[in-house]
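Note sheet for the following structure.
The values are calculated or read from the model by the stated rules, or taken from the named source; none is laboratory data. Being a predicted model, the structure only gives us computed values, none of them experimental. Cβ sites come from the backbone with ideal geometry, for glycine too, and all protein chains shown count toward neighbours. Heads up: the accessible areas ignore ligands, DNA and RNA and are worked out on the full protein's heavy atoms, side chains in. Shrake-Rupley method; radii C 1.70, N 1.55, O 1.52, S 1.80 Å.
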Amino acid sequence: MEKLISEFSVGLFFWQTLLFLALLFLLRKYAWKPTLIAVNRREKGIEEALESAELARKELKKLQSSNSALIQEARDERELLLKEAKAMKNEIIAEAKSKAKEEADKVLASAREEIKIEKSKAIEELKTQVADFSFQIAEKLLLEKLSEKDKQSDTVKSALNEINFN
Amino acid sequence: MRLKIVFSFVLFALIFNPFTVRSEHSDEGGDSTDIRAEIKEDILHHLQDAHDFHLFTDETTGTHYSFPLPIILLDGGVKFFMSSKFHHGEEIAEVDGNYYALHHNHIYKTDAEGTINYDENHHVTNAAPLDFSITKSVFSVMIVSIILFLLFKALGDGYKKSANPKGLGKFLEPLVLFVRDEIAIPNIGEKHYQKYMSYLLTVFVFIWFINLTGLTPLGINVTGNIAVTFALALMTFIITQVSAKSTYWKHIFWMPGVPVPMKIILAPIELLGVFIKPFALMIRLYANISAGHIVLMSLVGLLFIFNNWFARGAFLGLTLFLSIIELLVAFLQAYIFTMLTALYFGFAVEEHDDHH
């Protein structure tokens, strides 16, 4: 202990303290502060980047799962729509068929009726016309035959010729 | 690769050690007791601070290879001169009519003839002026401080360009992170550690680098000076007491959670602990570094005492091994000093009472 005290140099103590404090304040200003600030900032940046990456990953996963759900939903809907459309098509076709048949029947029936009516009308007209013609011919004939004696006898003669008496 | 560098460094240190160079010359003529005395003298001399920067001595011609350092004395005014005036302790320096002599690395006031008076215990009785000289240790601290400042300023400046360190910063940044993540945060806690970071970082890199200079062939021994470790421990002590919260003082003077008689017994013990902690810091660093230097120098000395190549080879290997251990110790002591400092800061700012 005594040796330690005798070895103690006040001058060395003074210079050591002075120089160390100077070094401390210089390093604090020019080295430790910028270094620690930069390191902290960098570490915070890395942490934040990792966090946001994790968040993005989660978001993506969520998006992916919702995507597939959406796709499934769309598929189901399409199926449903197709089914509905098919049913509607069949219905429409059946309806159209029955309607067409009905219409055709109706048209046919009315046509038949019309034909019937027209036919009877035509027959009626034919009847009157035939009667008319007959009268006219008879009239002409009578007039002609009665006006000319010769001719009348010729006619009778030709008619008699034509008739075969067998 | 790194190991290779360490090896070549240690080898270099051994080959060019000033002590090694010096002993080789004395080996030629002297007998073994002479060498032993000289080795002991050399080690003791090395452990002390010096007033000039001694590199080595050519004993055949008696030339000292060294450069002088400024001497600053407080003796009725500031006396300033270069240490070359002492001629390595061989001459008396005369300044403003006062005479000073260099005796065992201490400066004493003497008469014109340089008489040194001793008492019966062989202690020098001459008056000693207050010595504020730039000694070898002070000079080394200056150089290391400049190097540290330039190194770590480069690290700090590097962040202006990029968030990731480049070049040298790649080596230096992990040191900062080590102190923060392994020393400051575990011992002080996330909440309070920031205000101590500057001190912890400075203490850590300073002790480590100054310890490393002690392993160079320059023969520097800064942290083996009690004044240096005292200065460092005192700063830890002052910062601890100044930043201490009420809980800290309560735990010293009126320990919560124990019966009243125990409180009375514990108070002086705890109060003593306040001073013992930095005292232990001071002694630990001083003793470890001094012991390391003594052991290494003794082993190198043994190389010259044994006149047997086998023994010399064995001691060379042992010296090499211990040099590597000392490299580890240089780091370890810096780490322990910083870690315990952080621990004491942690006690000072602790807020909860649940650790009994």
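Structure values in brief
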quantity	calculated
Filter result for A:Gly11 (free of Cβ contacts under 8 Å to residues at least 12 places away in the same chain, surrounded by 10 or more Cβ atoms within 10 Å (Cβ to Cβ) and in contact with a strand residue (DSSP E or B) (Cβ under 7 Å, 6 or more places away or on another chain))	yes
Selection status of A:Lys44, more than 7 Å from every other protein chain (Cβ to nearest Cβ), closer than 23 Å to B:Ile238 by Cα and open to solvent by 40 Å² or more (accessible area, probe 1.4 Å)	no
Subset of segment B:170-202 (residues that are under 24 Å from the mean Cα position of the chain (by Cα) and aliphatic (A, V, I, L, M))	B:Leu172, B:Leu175, B:Val176, B:Val179, B:Ile183, B:Ala184, B:Met197, B:Leu200, B:Leu201
Exclusive hit being facing another protein chain (nearest Cβ under 10 Å) and touching a Gly at 6+ places or on another chain (Cβ under 8 Å), set B:Val222, B:Val205	B:Val222
Residue in segment B:183-192 that is out of contact with any strand residue (DSSP E or B) (no Cβ under 8 Å at 6 or more places or on another chain), within 10 Å of chain A (Cβ to nearest Cβ) and in a helix (DSSP H, G or I) present	no
Residue check for B:Lys195: more than 9 Å from chain A (Cβ to nearest Cβ), open to solvent by 20 Å² or more (accessible area, probe 1.4 Å) and over 16 Å from A:Leu19 (Cα atoms)	yes
Restricting segment B:107-131 to residues that are surrounded by 18 or more Cβ atoms within 10 Å (Cβ to Cβ) and assigned to a strand (DSSP E or B), the residue that is nearest to the other protein chains (Cβ to nearest Cβ)	B:Asp131
Single match in A:Leu142, A:Leu160 (criterion: open to solvent by 100 Å² or more (accessible area, probe 1.4 Å) and assigned to a helix (DSSP H, G or I))	A:Leu142
Sole residue being within 16 Å of the chain's Cα centre (by Cα), under 28 Å from A:Lys3 (Cβ atoms), among the small types (Gly, Ala, Ser) and crowded, with 18+ Cβ neighbours inside 10 Å, chosen from B:Ala280, B:Ala287, B:Ala291, B:Ala334	B:Ala334
Qualifying residue in segment A:48-56 (condition: surrounded by 10 or more Cβ atoms within 10 Å (Cβ to Cβ), aliphatic (A, V, I, L, M) and within 14 Å of chain B (Cβ to nearest Cβ))	yes
When residues of segment B:132-167 are limited to those that are under 26 Å from B:Phe80 (Cβ atoms) and hydroxyl-bearing (Ser, Thr, Tyr), the one farthest from the other protein chains (Cβ to nearest Cβ)	B:Ser140
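For (1) over 23 Å from B:Leu322 (Cα atoms); (2) at pLDDT 60 or above, each residue gets a yes or a no:
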site	(1), (2)
B:Met1	no, no
B:Ser8	no, yes
B:Leu14	no, no
B:Ser32	yes, yes
B:His51	yes, yes
